[in-house]
Amino acid sequence: MKLAIASILGAAVALASIATSAHADAPKELAELSRAIGDGSWSCSGTALGKQMTASRTSHLEMGGVWMHDTVDAKLGSEPFRYEVYTSWDPNGKHFHRVMIESDGNLAEGEGHAAAGSAIDFQLDTHGPRGDGLFREHLDWSDGKAVKSTGEVSADKGTSWVKVYELACKR
């Protein structure tokens, strides 16, 4: 019994050290992203599904700087909508990981890659009450005044895309 517990504890310590070393440079990557598009409160406006959209967004690093957490409280017309976004950095793959959880029961998970200039392109798999699909988001903060975001969905495995929203967030 003691040997089994010691083995389990030893395995847990080994896994913890692997997880820690795998994210050793995550704080640097996420700190840069957080300074550019996170760290604090934002006011957002734009359009979604042909309606006016407004939102407040808060962002901060958490879990030891390994995850950037965004909370977005939006109104699509007069209808409230909320989503939580977690973004991390994969130092081995040299890309971002992203998980989104939405108030309508939808969830999305995927990765993002640096685009030209100060931008990231995310492509996520989505699952939920609207069915399975793909979601892609382009984030651009190159003008230094706002973070601009465009989102598109595909229900046919990427053959065609429909623009869902365009949003600009300012501090």
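Cβ-Cβ contacts under 9 Å between residues 6 or more apart (or on different chains), taken from a first residue in segment 153-166 that is free of Cβ contacts under 8 Å to residues at least 12 places away in the same chain and within 23 Å of residue 77 (Cβ to Cβ) to a second residue that is assigned to a strand (DSSP E or B) and of a type outside the set (Asp, Glu), are listed as 162/153; 162/154. The number of residues in segment 37-63 being crowded, with 16+ Cβ neighbours inside 10 Å and either touching a residue at least 60 places away in the same chain (Cβ under 8 Å) or touching a helix residue (DSSP H, G or I) at 6+ places or on another chain (Cβ under 8 Å) (or both) comes to 10. In segment 47-128, counting only strands (runs of 3 or more DSSP E) that sit wholly within it, the ones holding 3 or more residues that are over 17 Å from residue 151 (Cα atoms) span 51-62, 67-76, 79-90. So which of 157, 163 ends up being touching a strand residue (DSSP E or B) at 6+ places or on another chain (Cβ under 8 Å), in a loop (DSSP other than H, G, I, E, B) and surrounded by fewer than 19 Cβ atoms within 10 Å (Cβ to Cβ)? Result of the check over 157, 163: 157.
Matching residues to (1) modelled with pLDDT of 50 or more; (2) aliphatic (A, V, I, L, M):
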site	(1), (2)
5	no, yes
15	no, yes
31	yes, yes
45	yes, no
54	yes, no
58	yes, no
72	yes, yes
77	yes, no
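The values are calculated or read from the model by the stated rules, or taken from the named source; none is laboratory data. Note that the structure is predicted; figures quoted are calculated from it, not measured. Please note: Cβ atoms are built from the backbone with ideal geometry, for glycine as well, and neighbour counts cover all protein chains shown.
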